[in-house]
Every structure is written in C-alpha cells, then in structure tokens.
C-alpha cells in the first residue's frame, strides 16, 4: 500500500494542531518558541508533500525560504528572550505582558 | 513505503506530544529534535533528499543548538504546575473540537480519495542541482530578498544582545551572580574595598553599589 497525499496532509495537520495547543498552554517563552518551530515544520511537510505528488519544484524552494525565515526568527527571537530575561529575571510570558523592555 | 510512513509519522507525533507535555524546556527541546529528524526521514520517502539534509543540518543542528544554548545560559527551571490559563474557554474548545472531528469524519467517509501516486519513478525534482537551478533562475528575487532578511537578522540579534546602555558604565554585572563595580575590579587604582557583593538581581546590585542608572529610570 502506497502512502497517499492525504496521509501526509493529515500528519501535517496533526503536528500543526499540537504546535497551536503548545503555544496556548505553555507559559515559558522558550517552550512557546519551540512550538512555533513545530508549526513551521508542519507547514514545510505540506509543501514537500505537494511538491513530490504534483512533481513541481516550487514547493521545495518555498521550504528553503521558510527555513531561512525560521533561522532568522531563531536568532532574533532568542536575542529578545535574553534581553527580556535580563530585565525581568523571568521567562514567564505573563510577567512580560507589557511590550517595553 | 506505508510501513516507513507509519513508523516515522508515529515517531513525529509521539515526540511532538512529548514536547508539549514535558515541563522541563530541555526535555522538550530534545523531543523537538526527534520531531525534526523523523520529518527529515519523511522527506527522504517523499524523494526530497536535499530538503532532508538541510532539515537535519539547519533545524536539528543550528537552530536547536541555539535553543539549547539559550536554555542552559538562562538556567531555566521547570515550570510549576499552576492553574490552567483560559479555563473559561474550555466549553467553546470542546465544541470547536467536535465540529472539527465531524468535518474529518465527513471527509473520510464521503469524499473520494485522490488516486494520484507519489513520484516514485526516477525524477530530478528533489535533487540538489534542480533546486539550485530553480533558486538562481525562476526564484532569484526571493533568494536575494532572503539574503537581505538574513542581514537584518544579524543586525537585530547584535543590537539586542549588546549589553551597553542598560546599566551604568561603571558596573560589570552578571544577573543572579556576583556583581562588581569597576573600582573593585581595577585593583591598581582603587585598593580600599575589595570584597565582592553577592546579590539576587541586577536592580538590587545597583542599589547596593549606589549606581542607580539615571538614564534608565528617566526612560521607563
């Protein structure tokens, strides 16, 4: 039995939903950050599955660009996390409810 | 093929659930690495070896090393088991989940499956050369914009991580650790008081050393 396109889409949807649940439930900034990475990866899986099943290169190039955005997001996001921690001595998102540092 | 899919999909979902359930951020980071690696294996079964390699190198390598580094740098402790946020929204969540489940059941039982088969035959779609060709011809503009994005990320990260301007220039401070003023570190100039001061927060340290930052207090 050969895997169908819908299997990959279902897996991607499940992973994305787990990521959303994590962002809603977690309080730690770093854990929320990792859940966002999980959501990005779920979308990447959709792109690669479509690219492979429709034999079109574009999907994999989008994945490439999404990965670049994720790397940039990791660098800047972790910089923001360190700055917030330095000022507030806490990683709880509820302690950082106002935007100023 | 189906066996591989089920194996790696199960691994990915299990690691993802473990990531959300774990309370220690380091354990959830390691679970997330498991998700990334099983997704890379799925990319290989989808005939995309280049994306699989980049997934392992960039995600499981670079990004997760950065995350683990920050977790260890900030010395994160486990989350305490507090009261659940958003408790008032639970009935709405249950209702929405029921709607979603009904939609999924409808699609599984009443919509015809797509008979399209995956690209199992020999094709150069996922190969490195075709991806490079696509990046440098059709998608040249997004590729260049990506480089500008990376430059902005570098500048932003350096600006954020810079220490200057937040404390008084006379203080050398490690949060939660020992705090010295420059007078104490510079032993040749100032020889009177050499005892280090231990404090719990930078604010307390500023107060103890009498170097409350005028710039910061006027800004905030």
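Could you give the length gained on full extension between residue B:92 and residue B:128, defined as 0.36 nm per residue of separation minus the Cα-Cα distance, in nm?
Working: separation 36, 0.36 × 36 = 12.96 nm, distance 4.70 nm.
This chain segment gains 8.3 nm when fully extended.
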Just to confirm the number: angle between the C-alpha axis of helix A:58-88 and the first principal axis of chain A, 0 to 90 degrees, nearest 10? 10 degrees
Pair-distance profile P(r), taking every C-alpha pair of the stretch A:1-48, with 5 angstrom steps and integer %: 5, 25, 26, 17, 12, 8, 4, 2, 1
Can you compute the label reach from residue B:138? Point 7 Å from Cα along the Cβ direction, backbone N cut-off under 20 Å, restricted to the stretch A:41-67. A:44-67
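At a 10 Å Cβ-Cβ cut-off, how would you order B:27, B:139, B:43, A:8, fewest neighbours first? Please report the intermediate quantities before stating the final value.
Details: B:27 14, B:139 20, B:43 27, A:8 23.
Lowest to highest Cβ neighbour count: B:27, B:139, A:8, B:43.
Going by average Cβ neighbours within 10 Å, how do the peptides B:29-40, B:144-155 rank, with the highest at the top?
Ranked from most to least packed, the peptides come out as B:29-40, B:144-155.
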How large is the helix-only mean residue ellipticity at 222 nm for chain A, computed as the sum of -39500 (n - 2.57) over DSSP H runs with n ≥ 4, divided by its residue count, in deg cm²/dmol to the nearest 500? -27000 deg cm²/dmol
Taking A:84, A:29 and counting other C-beta atoms within 10 Å, the order from fewest to most: A:84, A:29
Provide the FRET efficiency to the nearest 0.05 for the residue B:103-residue B:152 pair, computing r from the beta carbons and using R0 = 35 Å. 0.30
Quick one: helix A:29-53 against the long Cα principal axis of chain A, what's the angle to the nearest 10°, folded into 0 to 90? 10 degrees
What does the structure give for A:28-41 when I average, per residue, the other chain Cβ atoms found within 10 Å of the residue Cβ? 6
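First measure r as the distance between the Cβ atoms of residue A:55 and residue B:72, then evaluate 1/(1 + (r/R0)^6) with R0 = 51 Å and state the FRET efficiency to the nearest 0.05. Write out the running numbers ahead of the final one.
Values: r = 44 Å, r/R0 = 0.86.
After rounding, the FRET efficiency stands at 0.70.
Just so you know, all these numbers are worked out from the coordinates, no wet-lab data involved. As the structure is a computational prediction, the values presented were derived from the model and not from experiment. Virtual Cβ from ideal backbone geometry, glycine too; neighbours counted across all protein chains shown.
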